[in-house]
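One structure is given here, and the rest of the page talks about it.
The values are calculated or read from the model by the stated rules, or taken from the named source; none is laboratory data. Small disclaimer: the values here were computed from a predicted structure and weren't measured. All Cβ positions, even for glycine, are placed from backbone atoms using ideal geometry, and neighbour counts span all protein chains on display.
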Amino acid sequence: MSKPAVRVAVTGAAGQIGYALLFRIASGEMLGKDQPVILQLLEIPDEKAQNALKGVMMELDDCAFPLLEGMTAHSDPKEAFKDAQIALLVGSRPRGPGMERADLLQINAKIFIEQGKALNEVADRNVKVLVVGNPANTNAYIAMKSAPDLPAKNFTAMLRLDHNRALTQLAQKSGKAVKDIRDFAVWGNHSPTMYPDYRFATVNGESLKDLINDEEWNKNEFIPKVGKRGAAIIEARGLSSAASAANAAIDHIRDWVLGSNGQWVTMGVPSDGSYGIPEGIMYGVPVICENGEYKRVEGLEIDETSRAYMDKTLNELLEERDGVADLLK
Ligand code: NAI
């Protein structure tokens, strides 16, 4: 007998990432090849967006995915999130010409307050939420704060793309395979201030840092390159990362639900106060996932250089938090 379908809500479903994401969810890449799904798709009420969403749904129909048990289109988050067990919050307002970062923060804050409240009201009580839409960490923080009846730990922000980007850079530099690199993570905000940290990483039991043995590369190439990778993609493609972002979202939810097999992965999660990160701040940390839960990797030593990187990205998140504090009162 087949399992009951899982309800997966996706916002911004007619966007670039949505287009790269939905087909993979429906094919079973996110929740498993034996797990039926129902897609509950949210777009803005605008006619063009709703039409585009219909087109995407027609294409999903045309794939005849055996695991896709149903799908619905919505413009109201309270309908899209009804009984959702997984919610991928991808849609957000991009930065327009002349728009300041602060304006962007405010506009998106309103979206994520509304969506947080809707999740609070109608989603499954154990809904797992991943915020992809930027500024992802602060949007996740806002949604979490707007959903007081749901467990705070169920709100997460996507740093997996940064994690994956860094893994490939490390593999290329060391000449080792991506699959053999373990115990790597990215700390902080999904922004150029993030801190990719390979001090603890190993390859077949050997220290990756010792293998690479190039601190100049770490400081002057690796860390800035991972931080600015999003901008480099925009420059090359004329559009922001979409397939790799969708891939990272799949990785994030798959590992959270099905486990990371003892491997460290990076998730933006509400801080428990450890590592000097104030409680509640949505901060990228190394976690291991098991039985549908993530668990922070604890007790890692933070040296002075790492502290400085971690504080820089933290300060940016604190500023973002303060920038939306009024709206959350
Ligand atoms: P896009 O502009 O192609 O699509 C976004 C879609 O969201 C649009 O169809 C839009 O109509 C919809 N939307 C906007 N506001 C909405 C709302 N309130 N409710 C429902 N839908 C809404 O953008 P793309 O390329 O798909 O990127 C989506 C977001 O993901 C952007 O904020 C982008 O910056 C972010 N992103 C995050 C990454 C990460 O690593 N965390 C990586 C790459 C992108």
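Between E59, E43, E69, which is more than 12 Å from the ligand (Cβ to nearest atom), surrounded by 16 or more Cβ atoms within 10 Å (Cβ to Cβ) and at pLDDT 95 or above?
The match here is E69.
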Inset, instruction - Just one of (1) within 12 Å of the ligand (Cβ to nearest atom); (2) in contact with a helix residue (DSSP H, G or I) (Cβ under 9 Å, 6 or more places away or on another chain) trips up Q50, so point out which. - result: (2)
Inset, instruction - Being hydrophobic (A, V, I, L, M, F, W, C), part of a loop (DSSP other than H, G, I, E, B) and within 21 Å of the chain's Cα centre (by Cα) is the filter here, so list the residues in region 193-224 that pass it. - result: M194
Inset, instruction - Please work out which one of (1) surrounded by fewer than 21 Cβ atoms within 10 Å (Cβ to Cβ); (2) free of Cβ contacts under 8 Å to residues at least 60 places away in the same chain; (3) more than 28 Å from L239 (Cα to Cα); (4) away from the ligand (no atom under 16 Å from the Cβ) is the condition K153 fails and give its number. - result: (2)
Inset, instruction - Confirm whether K3 is away from the ligand (no atom under 16 Å from the Cβ), under 26 Å from R160 (Cα atoms), without any contact (Cβ under 8 Å) to a residue 40 or more places away in the chain and surrounded by fewer than 23 Cβ atoms within 10 Å (Cβ to Cβ). - result: no
Inset, instruction - Within region 296-329, track down each residue that is in a loop (DSSP other than H, G, I, E, B) and in contact (Cβ under 8 Å) with a residue 60 or more places away in the chain. - result: V297, L300, D303
Inset, instruction - Kindly list, by first and then second residue, each pair from a residue in region 35-57 that is free of Cβ contacts under 8 Å to residues at least 40 places away in the same chain and under 24 Å from D124 (Cβ atoms) to a residue that is small (G, A, S) and within 12 Å of the ligand (Cβ to nearest atom), limited to pairs with Cβ atoms under 7 Å and residues at least 6 apart or on different chains. - result: L41/A13; L41/A73; L41/A80; M57/A73
Inset, instruction - Give the number of residues within region 192-202 that are under 26 Å from S241 (Cβ atoms) and either without any contact (Cβ under 8 Å) to a residue 24 or more places away in the chain or crowded, with 20+ Cβ neighbours inside 10 Å (or both). - result: 6
Legend entry - Members of region 15-39 found to be within 12 Å of the ligand (Cβ to nearest atom) and either in a helix (DSSP H, G or I) or touching a Phe, Trp or Tyr at 6+ places or on another chain (Cβ under 9 Å) (or both), listed by number: Q16, I17, G18, Y19, A20, L21, L22
Legend entry - Given (1) within 14 Å of the ligand (Cβ to nearest atom); (2) within 12 Å of the chain's Cα centre (by Cα), number of the condition K128 does not satisfy: (1)
Inset, instruction - Evaluate region 72-84: report whether one residue or more is in contact (Cβ under 8 Å) with a residue 12 or more places away in the chain, loosely packed, with under 15 Cβ neighbours inside 10 Å and within 22 Å of the chain's Cα centre (by Cα). - result: yes
Inset, instruction - Tell me which residues, restricted to region 225-242, are within 8 Å of the ligand (Cβ to nearest atom) and outside any helix (DSSP H, G or I). - result: L239, S240, S241, A242
Inset, instruction - Working carefully through the options L89, L105, find the one that is in contact (Cβ under 8 Å) with a residue 24 or more places away in the chain, under 26 Å from D251 (Cα atoms) and either surrounded by fewer than 16 Cβ atoms within 10 Å (Cβ to Cβ) or not hydroxyl-bearing (S, T, Y) (or both). - result: L89
Inset, instruction - Could you please let me know if E114 is of a type in the set (D, E), surrounded by fewer than 24 Cβ atoms within 10 Å (Cβ to Cβ) and either on the phi > 0 side of the Ramachandran plot or within 14 Å of the ligand (Cβ to nearest atom) (or both)? - result: yes
Legend entry - Options A185, A143; residue that is modelled with pLDDT of 95 or more and within 12 Å of the ligand (Cβ to nearest atom): A143
Inset, instruction - Go through the residues of region 243-259 one by one and say whether even a single one is part of a strand (DSSP E or B), among the aliphatic types (A, V, I, L, M) and either within 28 Å of N126 (Cα to Cα) or not assigned by the TED database to the domain that holds E100 (or both). - result: no
Legend entry - Selected residue (only one of P278, P270 is within 16 Å of V186 (Cα to Cα) and in contact with a Ser or Thr (Cβ under 9 Å, 6 or more places away or on another chain)): P270
Inset, instruction - For R182, indicate whether it is in contact (Cβ under 8 Å) with a residue 12 or more places away in the chain, surrounded by fewer than 16 Cβ atoms within 10 Å (Cβ to Cβ), closer than 25 Å to I277 by Cα and of a type outside the set (V, I, T). - result: yes
